[in-house]
Amino acid sequence: MSDRLNGKVALITGGTSGIGAETAKLFASEGAKVLIVGRSEEKGEILANDLGDQVIYEKVDITKEEEIKGAVESTLQHFDQLDILFNNAGGPVGAGIENVTQSDIDYGVHLLLSSVILGIKYAIEPMKIAGGGCIINNSSIAGLRYRQGDPLYAALKAGVTHYTRMAGVELGPHQIRVNSISPGAIATPIFYGGSQRANDLTNEENERKMEKLKGNLANAVPLKRSGLASDIAEAALYLSSDAGSFVTCQDIVVDGGRTAMFNE
């Protein structure tokens with residue numbers, strides 16, 4: 001622990017498992033106070049209890065604007081400020097070009113893109129008051145390369161990356177930095193496939209699936225190891241800390257070299 005976020009307050013969406021949970025753990029260990037939000041009450045409460053008084057969990061559905069706004073308001077109520085927003089929540093939308101429906105599109109847009117746009121919107125004012133802040137949006141290499149995700153998911157993640165740059169330009173004069181992280185072959189429950197999610201599995205089932213997943217993903221990158229949620233958490237820490245104070249409008253690719261393997 002080096003207190004790189006001492007005195008900072010962070011809001012992390014999708015904070016009950018995977019990348020969000022690992023980021024909450026790392027941020028807390030570095031001195032930040034953290035509000036984690038997500039839909040899994042049991043996992044969120046267990047994580048917050050494990051991390052101590054500086055971490056609070058609240059149930060939030062980020063596909064609903066009023067709940068995104070409420071998450072920002074809750075952060076201010078609990079901790080009086082907001083310095084870091086990690087728009088991390090997401091998941092598969094699972095729709096191919098030939099069978100995509102309007103329902104798929106609506107759900108995907110709300111989950112992956114509008115949640116980011118609205119998260120930024122409601123974080124601006126408290127960050128202006130604080131004299132600046134850091135916003136991180138979880139994107140994906142699917143937005144950069146072909147066949148890294150289904151077309152709808154890929155298009156929406158490309159939108160996240162581009163919106164990040166545009167927001168960073170507009171908010172720069174207020175000392176609000178906006179960056180995205182594009183994970184590659186990261187062993188998280190999003191890769192389990194189908195509609196089965198980590199929240200529906202026991203810890204033992206999750207562990208078994210995760211070990212198998214790590215082995216499969218290791219073969220997909222030049223480094224020959226699976227990326228971990230902690231790898232993305234470290235990137236988020238860099239962007240949030242003083243070390244990243246001159247970095248904005250950027251997409252940080254953390255993929256073990258996977259995108260270099262493709263020419264598309």
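Structure values in brief
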read-out	value
Qualifying aspartates and glutamates (Cα of each under 13 Å from Cα of Lys128; at least 8 residues distant if same chain)	Asp83, Glu170
Burial ordering of Thr23, Thr63, fewest other beta-carbon atoms within 10 Å first	Thr63, Thr23
Label-point gap, in nm, between Asp50 and Ile97 - each point 7 angstrom along Cα→Cβ	4.2
Reach of Lys209 by Cα under 24 Å, taken over lysines that are not fewer than 8 positions away in the same chain	Lys25, Lys43, Lys224
Calculated semi-axes √(5λ) of the Cα gyration tensor in Å (choose from [x] 26, 21, 19; [y] 38, 18, 16; [z] 27, 24, 17), label	[x]
Degrees, to the nearest 10: 151-171 long Cα axis against longest axis of the chain	30
Degrees, to the nearest 10: 115-130 long Cα axis against longest axis of the chain	20
Sorted by Cβ density within 10 Å, fewest first, the residues Ser182, Ser2, Ser226	Ser2, Ser226, Ser182
Peptides ranked, highest mean first, by Cβ atoms within 10 Å: ranges 211-218, 30-37, 238-245	30-37, 238-245, 211-218
Gain on full stretching of the segment that runs from Glu66 to Glu125 - 0.36 nm per residue minus C-alpha separation	19.6 nm
Principal-axis tilt of helix 65-79 within the chain, Cα atoms, nearest 10 degrees	50
Under 19 Å from the Cα of Lys121 - lysines, other chains or at least 8 residues apart	Lys64, Lys69, Lys157
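Bear in mind these aren't lab numbers, they're just calculated from the coordinates by the rules spelled out. Just so it is clear, the structure is predicted and the values come from calculations on it, not from any experiment. Every residue, glycine among them, receives a Cβ derived from its backbone with ideal geometry; neighbour counts consider all protein chains shown.
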